[in-house]
Amino acid sequence: MKSFSYERASSVEAAAKAAAGTRGAKFIAGGTNLLDLMKLQIETPTHLIDVNGLALDKIEVTPEGGLRIGALVRNTDLASDERVRRDYGLLSRALLAGASGQLRNKATTAGNLLQRTRCPYFYDTNQPCNKRQPGSGCAALGGFSRQHAVIGVSDACIATHPSDMAIAMRALDATVETVRPDGATRRIPIADFHRLPGDTPHVETVLEPGELITAVTLPKPIGGKHIYRKVRDRASYAFALVSIGAIVQPGGTGRVAVGGIAHKPWRVEAAEVDLPKGARAVTDTLLAGAHPTEQNAFKVTLVERTLGAVLAEARG
Ligand SMILES: Cc1cc2nc3c(=O)[nH]c(=O)nc-3n(C[C@H](O)[C@H](O)[C@H](O)COP(=O)(O)OP(=O)(O)OC[C@H]3O[C@@H](n4cnc5c(N)ncnc54)[C@H](O)[C@@H]3O)c2cc1C
Ligand code: SF4
């Protein structure tokens, strides 16, 4: 690991200001992703700003009847919160499908949204990777690509976003709240928060340098059946090949977000009008323009079949 300096942030504003004012600075929350990447020298921050002392660990009801989840709420606490389990079951289920109990005890809401890809070439510093080293190339193109993205890809990167929680947040229409280094706040709809790779796959979100996530808010509950189904190579402790987060209403209408297939949680609202017609109709629109490799073309069929199983479960 490269040497770095360390400070504990005393306030949200001070944390954002320090991050913007110190070249190579990064926030650290649970550290479950960042520390692993630092040990491999994939992330090499010169300065760590520990945000764990900030009072961002509460889950509160909003005036609109939704929930405001502090950036530092641990994944375990979020999944087990009574209001989340009752009104946002999809979120609870997605969280529990991810990582392990020990990791969820440390991992935070903000850190989960910002975790980096699990593309094996991103982790292998002997391989070219535009995300790790911009301009170096992409070893996954023409390489081992079974786990990679099938839609929204570019010639520069075909990595997926690995978070389970983010899929639920997308289906629930969450909003990310931040503070910028100048003290100004902003609210970013989750649909706009993560970026597609384009020519700059190392730029993964719309956050500006030094911008700190303070909370994620959920609109008031919309009812319906909440289902999260994750298809993976092992029954536990593995990232999704494909995952479906769905909220299905009694008439068969609803929402669907998909994980494991794109650089960001994948949701196409126009596809959801076809939910009462079944999985095939939805998938045709949801994956229109898909560009799989030979090795991961199976994911297109897997999305349709997994969605079919989810809709059957919703019908009871
Ligand atoms: C073995 C293993 C298996 C896993 N399996 C899964 C899985 O199946 N599904 C899944 O979804 N995840 C999985 N994970 C990933 C895990 O969920 C993430 O590591 C975790 O959520 C990251 O949260 P953290 O608080 O530890 O983030 P950190 O590691 O502390 O930070 C991650 C990033 O977020 C930034 N950051 C943190 N807080 C803020 C903030 N408030 N504002 C701005 N930036 C911030 C940091 O600078 C860093 O860049 C797994 C991880 C491991 C190690
Ligand atoms: S897919 Fe993206 S993360 Fe993986 S090697 Fe290519 S550029 Fe790097």
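Quick note: the coordinates plus some simple rules give every number you see, no bench work behind them. Just so it is clear, the model here is predicted, and its values are computed rather than measured. Cβ: placed from backbone, ideal geometry, glycine included. Neighbour counts: every protein chain shown.
Could you tell me what % of all Cα pairs in the chain have separations over 31 Å? The share of Cα pairs beyond 31 Å in the chain comes to 28 percent. Taking GluC sites (Glu not before Pro) as exposed when their DSSP state is a loop state and no more than 14 other Cβ atoms lie within 10 Å, the longest site-free interval of the chain runs over 65-293. Note on the chain: with charges restricted to the Cβ of Lys and Arg (+1) and Asp and Glu (-1), its dipole about the Cα centre is near 620 debye. Give me the percent of DSSP beta bridges within the chain that run antiparallel, rounded to the nearest 5. Once the DSSP bridges in the chain are tallied, antiparallel ones form about 80 percent.
With the simple spin-label model, which puts each label point 7 Å out from Cα in the Cβ direction, the residue 315 to residue 186 separation comes to 4.5 nm. Assuming a ≥ b ≥ c are the square roots of the Cα gyration tensor eigenvalues, decide whether segment 42-95 counts as rounded (a/c under 1.5), prolate (otherwise, with a/b larger than b/c) or oblate. Taking the square roots of the gyration eigenvalues as a ≥ b ≥ c, segment 42-95 is prolate. Structure shown: which of 39/225; 220/264; 26/225; 106/230 lie over 32 Å apart, alpha-carbon to alpha-carbon? Correct reply: 39/225; 26/225.
Counting charges near residue 165 (Lys, Arg +1; Asp, Glu -1) among other residues having Cβ under 11 Å from its Cβ returns a value of +2.
For segment 130-250, the calculated P(r) over all alpha carbon pairs, in 10 Å bins from 0 to the bin holding the longest distance, is 11, 33, 35, 18, 3, 0 percent. Counting beta carbons within 10 Å around each of 81, 164, 124 and listing the fewest first gives the order 124, 81, 164. Going from the fewest other Cβ atoms within 10 Å to the most, the residues 38, 165, 1 appear in the order 1, 38, 165.
Relative to the Cα centre, the charge distribution of segment 187-264, modelled as +1 at Lys and Arg Cβ and -1 at Asp and Glu Cβ, gives a dipole magnitude of about 540 debye. Averaging the Cα positions of each part gives two centres, and for segment 1-69 and segment 133-186 these lie 19 Å apart.
Taking every alpha-carbon pair under 8 Å whose residues sit at least 6 apart, the chain reaches a relative contact order of 18 percent.
Fewest neighbouring Cβ atoms within 10 Å first, the residues 123, 237 line up as 237, 123.
Ordering of 105-117, 138-150 by packing is 105-117, 138-150, highest average first (other Cβ atoms within 10 Å, averaged per residue). Scattering from segment 219-316 was approximated by placing one identical point on each alpha carbon and applying the Debye formula without solvent; log10 I(q)/I(0) at 0.14, 0.15, 0.18 1/Å stands at -0.49, -0.57, -0.81. Considering only DSSP beta bridges with both partners in segment 13-112, what is the antiparallel share in %, to the nearest 5? For segment 13-112, the DSSP antiparallel bridge percentage is about 50.
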